[in-house]
Amino acid sequence: MIQLTAPAGALTPAGRDSIQKTLATVLLRWEGAPDNPLFRSLAWTYLHELPAGAQTTAEDDAPRFRVEITVPVGALSERRKAGLVGEITTAVLDAAGLTDADAQRVWVLIHEQPDGTWAAGGKIVRFADLVALAAQ
């Protein structure tokens, strides 16, 4: 699950149209999930656009971007986390028409959901269940 929070208007029109699917694809690749309809349907993304004036820093009002990613504990090694963060940052910068010089404006927070605390369809989904599905 991915949530991108950005000030309204901070993304280019093309970036706004494509960023959610891009982020989902990047996450699935770094998780090592198969590229199939089932796993693509499980990669939910949300775009939260903040109204004017809702985001600022003590320094300036330049747009900042927060990407929150929730994955099961064990889904990402340290190497995969680093790769995911790098590629997510680049995708957000591209969608906003920014360059690598603006990378500090993109913060990525990875939340690891403890096993047994993730549910779908009224049932607990364990990481081992997802691994078994991916192996089919």
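The values are calculated or read from the model by the stated rules, or taken from the named source; none is laboratory data. Owing to the predicted nature of the structure, the values given are computational and were not obtained by experimental measurement. Here the Cβ is made from the backbone with ideal geometry for all residues, glycine too, and neighbour counts use every protein chain on show. Surface accessibility is based on the protein's heavy atoms, side chains included, excluding ligands, DNA and RNA. Shrake-Rupley method; radii C 1.70, N 1.55, O 1.52, S 1.80 Å.
Descriptive notes on the structure:
- Selection count, the stretch 7-23, where residues are open to solvent by less than 40 Å² (accessible area, probe 1.4 Å) and touching a helix residue (DSSP H, G or I) at 6+ places or on another chain (Cβ under 7 Å): 5
- Screening the stretch 93-136 for residues that are in a strand (DSSP E or B) and of a type in the set (D, E, K, R) and picking the one that is most open to solvent (accessible area, probe 1.4 Å) gives K123.
- Among the residues of the stretch 29-75, the ones that are open to solvent by 40 Å² or more (accessible area, probe 1.4 Å), closer than 21 Å to A120 by Cβ, in a loop (DSSP other than H, G, I, E, B) and of a type in the set (A, V, I, L, M) come to 1 in all.
- Test for L4: is it assigned to a strand (DSSP E or B), over 12 Å from I110 (Cβ atoms) and open to solvent by less than 30 Å² (accessible area, probe 1.4 Å): yes
- Considering the conditions (1) at pLDDT below 95; (2) over 27 Å from T56 (Cα atoms), M1 is excluded by exactly one of them, (2).
- Every pair of residues 6+ apart whose Cβ atoms lie under 8 Å, when the first sits in the stretch 52-67 and is within 18 Å of L98 (Cα to Cα) while the second is aromatic (F, W, Y): R64/W107; F65/W107; R66/W107; V67/W107
- All positions within the stretch 58-86 that are of a type in the set (D, E) and in contact with a Leu (Cβ under 9 Å, 6 or more places away or on another chain): E68
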